[in-house]
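Just below is one structure, and these are the notes that go with it.
The values are calculated or read from the model by the stated rules, or taken from the named source; none is laboratory data. The shown structure was predicted, so the numbers you read here are calculated from the model rather than taken from an experiment. Positions of Cβ are generated from backbone atoms using ideal geometry, with glycine treated the same way; all protein chains shown enter the neighbour counts.
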Amino acid sequence: MSDYRRNYVQGGAYFFTVVTEKRINILNNDKARECLRSAFQHCMKEYPFKIDAMVMLPNHIHAIWTLPDDDFDYSKRWGIIKKQFTQLWLAQGGFEIGISKSKQRYRRRGVWQRRFWEHTLRNQDDYNRHFDYLHYNPIKHGVVRHLSDYPYSSFHRCVEQGIYQENWGSKYEAYFDFNELDNLE
């Protein structure tokens with residue numbers, strides 16, 4: 001078993017990668033987006049946090065959250081979100097992959113990988129690099145050529161807020177060096 005320890009910082013900003021079970025492509029549709037939105041809203045009623053940025057790819061999600069000043073429990077939040085999504089998704093006819101009897105004993109479903117990846121954002125430069133990485137991900141994975149064509153991302157909100165220009169991903173593609181961030185997934 002890994003010796004990985006999560007870094008919990010009250011009021012911290014975090015970058016997350018959450019992946020579907022065996023990387024099945026279930027997140028590339030409006031039904032999945034609505035289930036995810038409902039799951040987030042359900043969680044945020046009891047455990048509020050700010051979603052700074054998010055992108056939903058066919059088999060994984062990247063998100064940047066900022067937690068309240070007196071709170072650090074992002075693990076509980078992801079647990080609630082994944083459980084609520086799974087219940088909604090399956091209730092609406094969404095599919096899952098078969099899982100082992102061992103996983104069934106622990107009441108696991110074939111929708112999400114058990115764990116998630118987290119990175120505590122240390123400073124503004126770290127935050128900015130992950131913010132750009134998150135938004136560039138649909139192009140990186142070859143899902144679209146222009147971010148403006150991808151509906152499952154906070155990129156559009158960022159364009160409205162003046163953070164990015166609408167052609168940002170295509171225009172600056174040659175300037176990205178993701179070598180140090182490529183192990184995020």
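Values computed for the structure shown
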item	result
Test: residue in segment 90-103 that is out of contact with any His (no Cβ under 7 Å at 6 or more places or on another chain), surrounded by 19 or more Cβ atoms within 10 Å (Cβ to Cβ) and closer than 21 Å to Pro151 by Cβ	no
Phe72 being outside any strand (DSSP E or B), touching a Phe, Trp or Tyr at 6+ places or on another chain (Cβ under 7 Å), in contact (Cβ under 8 Å) with a residue 24 or more places away in the chain and not charged (D, E, K, R)	yes
Candidates Arg77, Arg107, Arg122, Arg115 - the one that is touching a Cys at 6+ places or on another chain (Cβ under 8 Å) and either part of a loop (DSSP other than H, G, I, E, B) or modelled with pLDDT of 95 or more (or both)	Arg77
